[in-house]
Each structure stands twice: as C-alpha cells, then as structure tokens.
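Only one structure is covered here, and it is reproduced in the block below.
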Amino acid sequence: MLLKKCPHCNTSHVQTNERFVEKAEIGKDLNLWYVVRCQNPHCRRLVLMVTSQGKLLDVYPVGTFELDSLVPIADEIKADFREAGLCLGAGCPKASMIMSRRVLQRCLKEQGCAQRELVSAIQHAIQQDILRKPFHPIATEIKQYGNLGAHPDDDQLTNVTRENAQQILDFARLLIHDLYEVPAAASKLKQSR
C-alpha cells in the first residue's frame, strides 16, 4: 500500500510494503490493521495503518508535532502546537482545534498584535500585512472554531470532525512556517553570502 506521507519524516508517497500484523476484528466491521515500515532509508520507522475494504481509515501516529529547534520560536508556541497535534492524535479534535487557536493568537501577539481579542488581533495583522492574504479566511475560521469551544451554551463544536481539526492544525503549521521558518532561512542565506 502507498502511504501518502510518512507521519514521522513527512516524506511524500512512501511505499510501505512490509506488513507485520494483519486482520483485527472490531465489532461487526472487519478492519485490517497493518504495521508497516517507512521505506525512506533515513526514517525506517513503523506506522500503524487501519483499512477497510481497501480504503485507508487511519494512520498512527497522526504526525510529528515538534518544530525545528534551530528556528527561534517561543516555547509557548511550540508547546501549544505540540499539544494541538497530540490532542488530534488522541482522537480529541475539539481540544486540538482550541489549541490551534492558541497557536494563532500567540503567533500574532509575538508579531506585534497586542490586542486582547483575537478578532481585533487578526484585523490588525491583516491591516499591517503581518498575515498574507491567503491566510485571512483561515485565520478567521480558527478564531470562530476556538470561540465555539469557549461558549458551550451555543455548542456547535459538536460538529467538529477530525478532518476539520487536521486542516486547522495544518494551517497553524503553515503560519509558523511563514512567520518564523521562512525569515530564519532567508536570514541564514543572507549571512552565508
């Protein structure tokens, strides 16, 4: 089976052809559980894949959530990002989404958006070109999902899916890349010239 991306090393399209465990019956459904090894020679770690009727249902671990230690990123952002990923991996998409919201708010605060309310911080970031245009709608979406978690009386957070939480976490990762990793890489290139 072809794994779209290794959750350990992020190598795309890793052929995983070694099966170590097969067939585990769960309730009335017959799911096949495979423990496979990433074929990237620099990784070679094990991945658990759950399939049903030839369709991939789940991959464990969900992914790695450690940020590059060489890039200057605040420990609080690293911790919140890691927790968002761990929550998602533990099957807690609502908690993951709320932690992703914290990542967004912490990143904006570090970039000079000191507004107390996230909606105001996002507006400031947009006006000051801190957030690039493609990030605008997703930042607003993260804020909305995070707000749902804070107001249980109007609980629409019950509609959150793992896919929603994964997308929000992916956005948080993109934001960190754009705000921290790209400038650090550009600075390193400038110094090496």
- Message: I'm checking my understanding of the structure. Among residues of region 23-71 that are of a type in the set (Lys, Arg) and over 25 Å from Thr11 (Cβ atoms), which one is modelled with the highest pLDDT?
- Response: Lys28
- Query: If you go through region 127-147, how many residues are touching a Phe, Trp or Tyr at 6+ places or on another chain (Cβ under 9 Å) and either surrounded by fewer than 20 Cβ atoms within 10 Å (Cβ to Cβ) or farther than 21 Å from Phe65 by Cβ (or both)?
  - Reply: 2
- Single condition Leu67 does not satisfy, out of (1) closer than 19 Å to Val160 by Cα; (2) under 12 Å from the mean Cα position of the chain (by Cα): (1)
- Query: Using beta carbons and a limit of 6 Å, which pairs, at least six apart or on different chains, have the first residue in region 38-67 and touching a residue at least 12 places away in the same chain (Cβ under 8 Å) and the second one exposed (fewer than 14 other Cβ atoms within 10 Å of the Cβ) and of a type in the set (S, T, N, Q)?
  - Reply: Gln39/Gln15
- Going through region 52-71 one residue at a time, which ones are surrounded by 13 or more Cβ atoms within 10 Å (Cβ to Cβ) and not in a loop (DSSP other than H, G, I, E, B)? Ser52, Leu56, Leu57, Asp58, Val59, Tyr60
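The values are calculated or read from the model by the stated rules, or taken from the named source; none is laboratory data. In this text, all values refer to a predicted model and were calculated from it rather than measured experimentally. Neighbour counts are summed over all protein chains in view; Cβ atoms, including those assigned to glycine, are modelled from backbone coordinates with ideal geometry.
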